[in-house]
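> Mind having a look at this structure? Questions to follow.
The values are calculated or read from the model by the stated rules, or taken from the named source; none is laboratory data. As the structure is a computational prediction, the values presented were derived from the model and not from experiment. Don't worry about glycine lacking a Cβ; one is built from the backbone with ideal geometry, like all the others, and counts go over all protein chains shown. What goes into the accessible areas is simple: the full protein's heavy atoms, side chains included, and nothing from ligands, DNA or RNA. Shrake-Rupley method; radii C 1.70, N 1.55, O 1.52, S 1.80 Å.
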Amino acid sequence: MDDEKSSIFSYMHDIMLWQRRSVMFDEIHEECGVFGAYRVDNAASITYYGLHSLQHRGQEASGIAVSDGENITLQKGKGLTVDVFQKEKLDSMVGRLAVGHVRYSTAGGQENENIQPIVSKGHNGSLAIVHNGQIVNEKELRIELENEGAIFQGTSDSEIILHLIQKQKGTLKERVMKTANRIEGAFSFLVMNEDTIYAVRDRHGLRPLSYAKSKDGYVISSETCAFEVMGIYESVDLKPGEIVEFHKGIVKHEFYSTDTDHHMCAMEYIYFARPDSVVEGINVHAFRKATGSILAREDKDLKADIVIGVPDSSLSAAIGYAEEAGIPFETGLVKNRYVGRTFIQPTQAMRDRSVRLKLSPVSSVVKGKSIVMIDDSIVRGTTSRRIVQLLKDAGATQVHVRIASPVITSPCFYGVDTSTKDQLIGARMSVEELREYICADSLRFMTEEEMKEATHGVGLCLACFNGEYCTKLFSYQEELDK
Ligand code: SF4
């Protein structure tokens, strides 16, 4: 290995990890959503609507690549999909094949070069790629590719997939399959050339990916909620280790690996996915209601006046809890939807203020009441502590906190910012210490077994709760061991 190149890369990698750590505060962030349209009229516009439905998976950048059968046109930029694409821009993107992406940009940094789709032009045509997830052997592969002469435009792991596809031999399908076998970690990605789209899901099934028949072709999406806006209610999930080819109007399924298992990210159900999405056959709202109901089942002796949820992702669980417990569900907290994300505020004082800007207690609802407050998770504990304080300031007599997931004790290396281990309060404190820290009158989390009950046997990744990662972590093992 070229020592100088290796040390430069290690330095860049450390900076990327530092950037990752430095932007993490008390929210969990997904890192992307992908959408594709195959043989669909106005593919760019359809992809625009698809990305709009996936906006909750990433708000920092958006992009679409469209093929007219001969050429691939690319438009992308920082911001929400509606900010990046106006009608004139979409009208100029002519073609019936498209892939699009919404991005949350901690892994790989915020440079324009990392915004997807990433497009390359080679001697055998153009390729566009969009990727959701995180490759855990990215450092090793990048060094290998750079030593072979590859020049990277940016620092995202998605570009590694593109370089690997280019360096393989064979048909495009063979090259994509060989690439999928070289990368490890979480990936659902789409690769498009002038006339074909390949959809690929990692062999552990960590990230969701589905496709559906539309009236004139096919659409592919990270989440099924993007199909429903097009009036499509039937879809097919890709299986772990599967590649689906959309070519000459025909859909072909194949497995690039038979060494598969099933570890769908539990956080997709708990927090990320939209309640109207169906993940592995389970409606996300129904899953969250079930978690609330299971929490209530264990709370037979708890007397409370009302049940509230922290908006938006905890509302379904709060409804489930209220129904099971026979306690009225109330709107005790209101979310201001037009406030930016907490993590861009640099100082503690500004972060304190931003929680108040984002969430307001409804004092006429909570005053004088004993409350069960349902939240989806606790990361650093600071937000939970502030919300309990807001409710008590507004006159709540008791706040019993119930968390619709187990205690987060380990970081995620599969494309989700759950913070580093030293920032995870659940890794440092017992549940009783945590209860004291957030000033709750009582606190309870779900168990892993209860989580599994709510998903009716779907194989789950629970690594951020139990530290059992379904892959080798490669260079990220050092980060874990620090
Ligand atoms: S570690 Fe946690 S957040 Fe990451 S994929 Fe697994 S369940 Fe999801």
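> Can you name the residue in the range 231-258 that is among the charged types (D, E, K, R) and farther than 16 Å from residue 179 by Cβ and, of all such residues, is least open to solvent (accessible area, probe 1.4 Å)?
The qualifying residue least open to solvent (accessible area, probe 1.4 Å) is 237.
> Could you please find all residues in the range 421-430 being away from the ligand (no atom under 13 Å from the Cβ) and modelled with pLDDT under 90?
Within the range 421-430, 422, 423 qualify.
> Another question, if that's okay. Restricting attention to the range 188-215, and to residues there that are of a type in the set (Lys, Arg) and not in a loop (DSSP other than H, G, I, E, B), which single residue is nearest to the ligand (Cβ to nearest atom)?
Taking the candidates together, the pick is 201.
> Hey, which of the strands (runs of 3 or more DSSP E) in the range 347-439, taking only ones fully inside, have at least 1 residues that are without any contact (Cβ under 8 Å) to a residue 60 or more places away in the chain?
It comes to 359-361, 398-403.
> Is it the case that residue 424 is outside the structural domain of residue 204 (by TED's automatic domain parsing), under 26 Å from residue 294 (Cα atoms), surrounded by 19 or more Cβ atoms within 10 Å (Cβ to Cβ) and touching a strand residue (DSSP E or B) at 6+ places or on another chain (Cβ under 7 Å)?
Considered against the rule, which asks whether it is outside the structural domain of residue 204 (by TED's automatic domain parsing), under 26 Å from residue 294 (Cα atoms), surrounded by 19 or more Cβ atoms within 10 Å (Cβ to Cβ) and touching a strand residue (DSSP E or B) at 6+ places or on another chain (Cβ under 7 Å), residue 424 comes out as no.
> Further question on the same structure: Kindly list, by first and then second residue, each pair from a residue in the range 455-478 that is basic (Lys, Arg) to a residue that is within 12 Å of the ligand (Cβ to nearest atom), limited to pairs with Cβ atoms under 8 Å and residues at least 6 apart or on different chains.
Here the result reads 472/136, each pair linking the range 455-478 to a residue that is within 12 Å of the ligand (Cβ to nearest atom).
> On to the next question. Mind checking which residues of the range 34-51 are in contact with a strand residue (DSSP E or B) (Cβ under 7 Å, 6 or more places away or on another chain) and over 22 Å from residue 251 (Cα atoms)?
Of everything in the range 34-51, those that are in contact with a strand residue (DSSP E or B) (Cβ under 7 Å, 6 or more places away or on another chain) and over 22 Å from residue 251 (Cα atoms) turn out to be 48, 51.
> May I pose another question? Give the range 41-58 a look and list any residue that's more than 15 Å from residue 217 (Cα to Cα) and surrounded by fewer than 20 Cβ atoms within 10 Å (Cβ to Cβ), or say none.
Hits for the range 41-58 are 49, 52, 55, 56.
> Which of the numbered conditions does residue 471 fail, given that it passes all the others? Conditions: (1) within 15 Å of the ligand (Cβ to nearest atom); (2) in a helix (DSSP H, G or I); (3) within 23 Å of residue 205 (Cβ to Cβ).
(2) is the only condition that residue 471 fails.
> Give the number of residues within the range 118-148 that are touching a Ser or Thr at 6+ places or on another chain (Cβ under 9 Å) and surrounded by fewer than 17 Cβ atoms within 10 Å (Cβ to Cβ).
Residues in the range 118-148 being touching a Ser or Thr at 6+ places or on another chain (Cβ under 9 Å) and surrounded by fewer than 17 Cβ atoms within 10 Å (Cβ to Cβ): 3 in total.
> Something else about it: How many residues, within the range 210-239, are more than 17 Å from the chain's Cα centre (by Cα) and not hydrophobic (A, V, I, L, M, F, W, C)?
Number of matching residues: 13.
> Next question. Quick test for you: out of 270, 220, 243, pick the one residue that is assigned to a helix (DSSP H, G or I) and either within 15 Å of the ligand (Cβ to nearest atom) or closer than 28 Å to residue 463 by Cα (or both).
Unique residue meeting the criteria: 270.
> Any residue at all in the range 149-162 that is crowded, with 18+ Cβ neighbours inside 10 Å, small (Gly, Ala, Ser), at pLDDT below 95 and under 20 Å from residue 222 (Cα atoms)?
So far as the range 149-162 goes, yes, one or more of its residues are crowded, with 18+ Cβ neighbours inside 10 Å, small (Gly, Ala, Ser), at pLDDT below 95 and under 20 Å from residue 222 (Cα atoms).
> What number of residues within the range 431-453 are open to solvent by less than 60 Å² (accessible area, probe 1.4 Å) and within 14 Å of the ligand (Cβ to nearest atom)?
Residues meeting the conditions: 3.
> Looking at 185, 231, which one is more than 16 Å from the ligand (Cβ to nearest atom) and on the phi > 0 side of the Ramachandran plot?
The match here is 231.
> Also: Filter the range 211-223 down to the residues that are without any contact (Cβ under 8 Å) to a residue 60 or more places away in the chain and open to solvent by less than 10 Å² (accessible area, probe 1.4 Å) and list them by number.
Of everything in the range 211-223, just one residue is without any contact (Cβ under 8 Å) to a residue 60 or more places away in the chain and open to solvent by less than 10 Å² (accessible area, probe 1.4 Å), namely 212.
> Okay, next question. Which one of these is open to solvent by less than 10 Å² (accessible area, probe 1.4 Å), in the same structural domain as residue 474 (by TED's automatic domain parsing) and farther than 23 Å from residue 134 by Cβ: 403, 408?
Testing whether each residue is open to solvent by less than 10 Å² (accessible area, probe 1.4 Å), in the same structural domain as residue 474 (by TED's automatic domain parsing) and farther than 23 Å from residue 134 by Cβ leaves just 403.
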